[in-house]
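One structure is given below, encoded as structure tokens.
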Amino acid sequence: MAVGQLTHLADTVTLSTGSSAAATIPNDGSVVVGDLLLAACVMPSGSRTFAISGGAGAWTSLGTAMQSGHMSQLWWRIAEAGDLGAVITVTPSTGSIRQVLLLGRVRGALAASPITSATNTSAAALTKTTPSLGSVGAASREIGVVWDSRGAATPQTAAWTAPAGHTRRGQAFTTSGSGASSGAWGDSDATVSGTIGSRVWTADQSALGSAWTLAIAAGEQPLAPARIESTAAQYAPALAPGAVTLAPARVESTSALYGPALAPGSVTIDPGRLDPATALYVPALAPGTVTVALGSIASTAVLYAPDVGGFDPDVTLTLGAPSSAWAVAAPASRWEVGPPW
């Protein structure tokens, strides 16, 4: 199964007085059991961390990108029935602070280990370059996540531009109060393999921040057991003009198979394919003389010689004697040969 693209589900921005950010996993069919859920959050502080809660089970952290005045964090889990409609809450380790929370999902990821690799880097510029990842398996999906933040309320980032070959799927920005922050994420327009990352995202304001690269592994193609017969047997030999070769191992032990080739002319039959009781004798018949082997003449055979010199004499045949010693006597009609010569 090909891993799908990132779908942005929700985003939340809190005020500087907010103690947590929350987003709801939809229960309208846009998320189904088995989907990969992703949650990501940023705040303009490098001295705190986040805790995430909500849903049917624990979330797995992908790590933290932190520097003075900036911190971002990502988590994932595979959706279960209890996640649909659940509220996800991200809370700073201390105090209230502005936050930007992004919630998304990816369909078709490998459930056992959906994220084969993830890494992050800190940056302080107008552009944010996602870090490089190598040795990504075939048919993976590349996801990039970028953040920025500043201690002052202005200037505010208002737009992120995705790199070539990638599509931005979602973005969110703080709009008032102290501590400006923003975030955006997107993914590759096609599946990828090998080395990924090093994608340049561009914001409309320069600020310190962080960038992430995720490799999402494709799931296995599901098979519907109801469509597979438990005792199914399949054998379909290729049929084409000409001889067909059958493997003896595919012939039932009680089967008998023999099909000699039939064509004008002589027929050759392999005696090894005949049952012991089978008798076969087919002499060749053609116009002209027929030669009969002596071994095929019974001991009581009677021969009749043709006429000699125009009359029918009796000829006494003496075995071993020259023909001049043959005697002519009674008519040939009385010639007989008794026991074999």
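The values are calculated or read from the model by the stated rules, or taken from the named source; none is laboratory data. In this text, all values refer to a predicted model and were calculated from it rather than measured experimentally. Note that we place each Cβ from the backbone using ideal geometry, even for glycine, and neighbour counts take in every protein chain shown. Side chains included, ligands, DNA and RNA excluded: accessible areas come from the protein's heavy atoms. Shrake-Rupley method; radii C 1.70, N 1.55, O 1.52, S 1.80 Å.
Once the piece of chain linking Leu15 and Thr127 is laid out straight, how much longer is it, given 0.36 nm per residue of separation minus the C-alpha distance between them?
On the way: separation 112, 0.36 × 112 = 40.32 nm, distance 2.55 nm.
Computed gain between Leu15 and Thr127 is 37.8 nm.
Accessible surface calculations at 1.4 Å, restricted to protein heavy atoms, place segment 108-214 at 36 Å² per residue.
Thinking of segment 16-85 as a set of Cα atoms, what percent of all their pairs are more than 19 Å apart? Walk me through the intermediate numbers first.
Working: 953 of 2415 pairs.
In whole percent, the long-distance tail amounts to 39.
Of the peptides 95-103, 45-53, the order by per-residue mean of other Cβ atoms within 10 Å, starting with the highest, comes out as 95-103, 45-53.
Exposure check, 1.4 Å probe, all protein chains in place: Asp187 carries approximately 0 Å² of accessible surface. In this structure the amide hydrogen of Ala125, modeled in the peptide plane, comes within under 5 Å of the amide hydrogens of Ala207, Gly209, none closer than 5 places in sequence on its chain. For Gly63, the residues whose amide H sits under 5 Å from its own are Leu74, ignoring neighbours fewer than 5 places away on the same chain, with H placed 1.01 Å from N. Accessible surface of segment 28-185, 1.4 Å probe: 53 percent of it comes from carbon and sulfur atoms.
For Leu36, Leu62, write out the residues from largest to smallest accessible area, computed with a 1.4 angstrom probe and no ligands counted. Present the calculation step by step, with values, prior to reporting the outcome.
On the way: Leu36 0, Leu62 40 Å².
My answer, sorted largest first, is Leu62, Leu36.
Using a probe of 1.4 Å, the accessible surface attributed to Ser93 totals some 70 Å² when neighbouring protein chains are kept in position.
Between the listed residues Thr89, Ala111, Leu36, the Cα displaced farthest toward the positive end of the dipole of segment 21-127, a dipole computed from Cβ unit charges relative to the Cα centre, is found at Thr89.
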